[in-house]
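First the structure, in the form of structure tokens, and then the observations on it.
Values quoted throughout were computed directly from the atomic coordinates according to the rules given, and no laboratory measurement underlies them. For clarity, every value in this text was computed on a predicted model and none was experimentally measured. Ideal geometry is used to build each Cβ from the backbone, glycine not excepted, and the neighbour counts take in all protein chains shown.
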Amino acid sequence: MKLVENFDIFAPVVVPPEEYFSPGHRACQGCGEVLAVRLVCKALGPNVIISMATGCMEIVSSPYPHSAWRVPWLHVAFENAAAVASGVEAALRVIERKGKIPAKNTHSIAMGGDGGTTDIGLQSLSGMLERGHDVVYVCYDNEAYMNTGVQRSSSTPFGAMTTTSPPGKMSFGQSTWKKNVAEIAVAHKIPYVATASPSYPIDLINKIKRAVDVVGPAYVHVLSVCPTGWRSAGNNSIKLGRLAVESAVFPLYEVKDGKYRLTIDPPKLRPVSDYLKLQGRFRHLTPDLIEQIQKRVTEEYGILKKKCEE
Amino acid sequence: MPKETGKTRWQDLPIGFMITDAGNAAEYHTGTWRSQQPVRNNDRCFRCGMCYLFCPEGCIHRGPDGYFFADLRYCKGCGICAQECWSDTINMVEETE
Ligand SMILES: Cc1ncc(C[n+]2csc(CCOP(=O)(O)OP(=O)(O)O)c2C)c(N)n1
Ligand code: SF4
Ligand SMILES: [Mg+2]
């Protein structure tokens, strides 16, 4: 039996039934990123204003004159989702003070892809975290610039094929290691940081709720399987997210006021090859490269485990 | 709200291209993209709701009988529901036309 989480059984009872992201959106078949958006919106509820950087999720949700958003939503430039969300938060505080809306009722949310977060929006994100805005930032990480046709980002994993890191005679794919933006967020000493995955929906929903509940900035990094860019079967999107966690390629943890906690702690780790072999973007990898990835993953997981024990 | 005709005059557009009809993406039916459709054998279903939870379209609903069904106007036929179902209730079947 595919055990997802202890509480996942009878899901409809524990998950908010409302949908704040409508069907009819134009995401690819089996898109894990749009599932993440749907679940995050369920967790957020109606009292939010979302500022979103461009990327697949902006494009598939808002082909004019349509919008899939059932909550107030702003499309902003690629680099400034966090800056706009900071402004929205500041404005909310002002109109609350003037008594025009109830106090502490509406939350400002920022969203971006990995390109919009780990590369181009990193500066505005850092500014938002440093100034201490009461904003939740959600990064949907599908590990490349997917909307413009799969270009590598600093979040693309080592060895992965993208159109700008093509494997061949002179290259084995992405030659750099994935940037860890969750750790960069932790370094800002903000009250809440978490990693999450739609393959663990209850965990994801709980983390978003905790992120909203803290006073001050929160950052949630969501691994989002992209069948189009990862060259994987659309029906495998949930399974791949689970394998990423079970092989410790993408561990699920949270850091509340500096205190680390693994929220999903697999009793025994799977080899990374279980995760890699279902994806065409890793098909060219030699055993030697897979070994390098395994070594790095084991090492980093050890460090994380230590932090969780502190 | 302008329709998707390409013939709207700019004077008719709301300021800031605001969309006031929230969630009107539902007017567009992505079911036409589908090459396979989920077919259910509810005898096997124990109504856990995995299919509902994992559907990227949010197009699986719970009927009054407690069983789940996909709204085929939106289902893109990705097959996640069939793959994730614990009891093999759902089969993906090739569309005929
Ligand atoms: C300043 C700027 N540069 C480039 C683009 C073109 N562009 C639009 S979406 C996108 C890719 C977004 O990648 P990511 O943030 O990872 O989101 P994804 O599409 O992968 O979900 C790019 C390069 C843009 N809109 N603005
Ligand atoms: S390219 Fe990837 S992230 Fe973008 S809509 Fe398609 S599956 Fe989703
Ligand atoms: Mg991306």
I need the per residue convex hull volume for the range A:99-186, using only the alpha carbons, in cubic angstrom as a whole number. 102
How big is the Cα convex hull of the range A:40-136 in projection, averaged over all directions, in nm²? 6.3
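Based on the Cβ-Cβ distance from A:Asn105 to B:Phe17, what FRET efficiency comes out when R0 is 35 Å, to the nearest 0.05? Provide the component values of the computation, followed by the final result.
Working: r = 27 Å, r/R0 = 0.77.
Using R0 = 35 Å, I get an efficiency of 0.80.
Quick check on chain A: of the DSSP beta bridges with both residues there, what percent are antiparallel, nearest 5%?
Numbers: 11 of 36 bridges.
About 30 percent, rounded to the nearest 5.
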Over chain B - Rg/Rh using Cα atoms and the Kirkwood inverse-distance radius: 1.14
So for the protein assembly as shown, taking the charge dipole from beta-carbon charges (+1 Lys/Arg, -1 Asp/Glu), which of A:Gly280, A:Ala68, A:Gln151 sits furthest toward the positive end? A:Gln151
Find how much the distance from B:Thr96 to B:Arg62 grows on full extension, using 0.36 nm per residue of separation minus their present alpha carbon separation; answer in nm with one decimal. 9.6 nm
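Express the relative contact order of the range A:1-138 as a whole percentage, based on alpha carbon pairs under 8 Å and six or more residues apart in sequence.
On the way: 196 pairs, mean separation 34.3, N = 138.
Worked out over the range A:1-138, it gives 25 percent.
What whole-number value in cubic angstrom gives the convex hull volume per residue for the C-alpha atoms of the protein assembly as shown?
On the way: hull volume 65.2 nm³, N = 407.
Taking only Cα atoms, the protein assembly as shown has a hull volume of 160 Å³ per residue.
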Quick calc, B:Val39 & B:Lys7: beta-carbon distance into FRET formula, R0 51 Å, rounding 0.05, result 0.80
Residues in the range A:24-60 reached by a label modelled at A:Thr163 [backbone nitrogen below 15 Å; 7 Å Cα→Cβ]: A:55-56
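Please tell me which of these pairs span more than 18 angstrom C-alpha to C-alpha: A:Lys178/A:Lys306; A:Lys209/A:Lys268; A:Lys207/B:Lys76; A:Lys268/A:Lys295? Intermediate values should be presented prior to the final figure.
Values: A:Lys178/A:Lys306 20 Å; A:Lys209/A:Lys268 29 Å; A:Lys207/B:Lys76 29 Å; A:Lys268/A:Lys295 16 Å.
A:Lys178/A:Lys306; A:Lys209/A:Lys268; A:Lys207/B:Lys76, as the Cα separations exceed 18 Å there.
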Which part of the range A:114-139 falls in the paramagnetic zone of A:Ala77, meaning amide N under 18 Å from the point 7 Å along Cα-to-beta-carbon? A:115-128
Top mean-square fluctuation among A:Asp257, A:Asp203, A:Asp134, Gaussian network model of chain A, C-alpha springs under 10 Å? A:Asp257
Just report the Cα centroid separation between the range A:49-106 and the range A:185-251, whole Å. 21
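Between A:Glu18 and A:Thr176, what's the calculated FRET efficiency when r is the beta-carbon distance and R0 is 45 Å? Round to 0.05.
Numbers: r = 41 Å, r/R0 = 0.91.
Given R0 = 45 Å and the Cβ-Cβ separation, E is 0.65.
Tell me the net charge near A:Met111. Cut-off is 13 Å between Cβ atoms, A:Met111 excluded, with +1 for each Lys or Arg and -1 for each Asp or Glu.
Working: positive: A:Arg38; negative: A:Glu33, A:Glu58, A:Asp114, A:Asp141.
So the surrounding residues net to -3.
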